[in-house]
1. Do you know which residues across the stretch 50-78 are over 21 Å from Phe217 (Cβ atoms), among the hydrophobic types (A, V, I, L, M, F, W, C) and in contact with a strand residue (DSSP E or B) (Cβ under 7 Å, 6 or more places away or on another chain)?
2. Output the strands (runs of 3 or more DSSP E) that fall wholly within the stretch 91-158 and possess 3 or more residues being of a type in the set (D, E, K, R) and over 19 Å from the mean Cα position of the chain (by Cα), or say none.
3. Could you check the stretch 136-156 and list, in sequence order, the residues that are surrounded by 14 or more Cβ atoms within 10 Å (Cβ to Cβ) and either touching a residue at least 40 places away in the same chain (Cβ under 8 Å) or within 17 Å of Arg77 (Cβ to Cβ) (or both)?
4. Residues of the stretch 60-104 being of a type in the set (A, V, I, L, M) and under 21 Å from Gly128 (Cα atoms), which ones?
5. Could you give every pair whose Cβ atoms fall below 6 Å, whose first residue belongs to the stretch 178-204 and is under 14 Å from His51 (Cα atoms) and of a type in the set (A, V, I, L, M), and whose second residue is modelled with pLDDT of 90 or more and not in a strand (DSSP E or B), counting only separations of at least 6 or pairs across chains?
6. Among the residues in the stretch 123-137, are any under 28 Å from Val81 (Cβ atoms), modelled with pLDDT of 95 or more and not aliphatic (A, V, I, L, M)?
7. Among the residues of the stretch 123-157, write down those that are more than 24 Å from Arg189 (Cβ to Cβ) and among the basic types (Lys, Arg).
8. Please name all residue pairs, on different chains or six or more residues apart, with Cβ atoms under 6 Å, provided the first residue is in the stretch 54-69 and is closer than 12 Å to Leu82 by Cβ and outside any strand (DSSP E or B) and the second residue is at pLDDT 90 or above and not hydrophobic (A, V, I, L, M, F, W, C).
Amino acid sequence: MIRLIVAAIPVVLTALVACQDHLAIITPASGDWPVSRCRLPFPSGAWKMVHTMQVTTPLGPGSPLVAASLADPANDRVRAVLMAPEGITLLDATFSGRRTRVHRAVPPFDRTEFRQGLLLDYRLLFFGPRGRPIKIGRDQRGRMVCRWRQVNDTVTEVVLPRTGGWIIRLYSPQGILEKLVVAKGPVKRGLASWMKLKSMGPGGYSLEFRLLRVNSFSPMDRDFEF
């Protein structure tokens, strides 16, 4: 009997974690809530920003990086430059729709899967989901929640705690939490001063951003230069 109980513990724990990682119950909002509040984490317009970025993998934290970015959500393009503290450029790439142009990349930042993953993370952090939310309401903790279902059947949620800041959650088509973003103020020109993205799973990682500066720029800049 004891052996059966011990053997069952991992299964029970896995089930509990899975339940915690699935879509939360949302109580529909009463009255009209402005959809614009759902897009609070995603500033409009085109902008330049510089962050410090700390990458942590299952092997531990890496050296701090400087991340300089140009983002133009309306035209679905972003330029990401990752630099070592000494100023050495490790990756410089422009993503426009499904096209990628690599200006410079050194190992291991030259790997295609790294660039693709970085682009997906940037879109989750800064661009926001397309279209209108399929549901707006409050979760069991009383927080405002906006939920979108994308064309690939993934689900994105924006949670707005009453204490400020925001949470972004990305779920698989099966409703399992894949990525979690926590952002805190103060807010500078629509961007949070501190953000942490966590990717779930055995090979999970985290990206921690601290905002150094942000400025708007003209999206007519065809060269997309800093």
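The values are calculated or read from the model by the stated rules, or taken from the named source; none is laboratory data. It should be emphasised that the depicted structure is a prediction, and the values quoted were computed from it without experimental measurement. A quick note on method: Cβ atoms are made from the backbone with ideal geometry, for glycine too, and the neighbour counts reach across all protein chains shown.
1. Matches in the stretch 50-78: Val55, Leu65.
2. In the stretch 91-158, 99-105 are the strands (runs of 3 or more DSSP E) which contain 3 or more residues that are of a type in the set (D, E, K, R) and over 19 Å from the mean Cα position of the chain (by Cα).
3. Within the stretch 136-156, Ile136, Gly137, Arg138, Asp139, Met144, Val145, Cys146, Arg147, Val155 qualify.
4. Ala67, Ala68, Leu70, Ala71, Ala74, Val78, Ala80, Val81, Ala93
5. Partner pairs satisfying both residue conditions: Ala183/Gly165; Leu197/Asp121.
6. For the stretch 123-137, residues under 28 Å from Val81 (Cβ atoms), modelled with pLDDT of 95 or more and not aliphatic (A, V, I, L, M): absent.
7. Arg132, Lys135, Arg138, Arg141, Arg143, Arg147, Arg149
8. If the second residue must be at pLDDT 90 or above and not hydrophobic (A, V, I, L, M, F, W, C), the pairs left are Pro64/Thr52; Pro64/Gln54.
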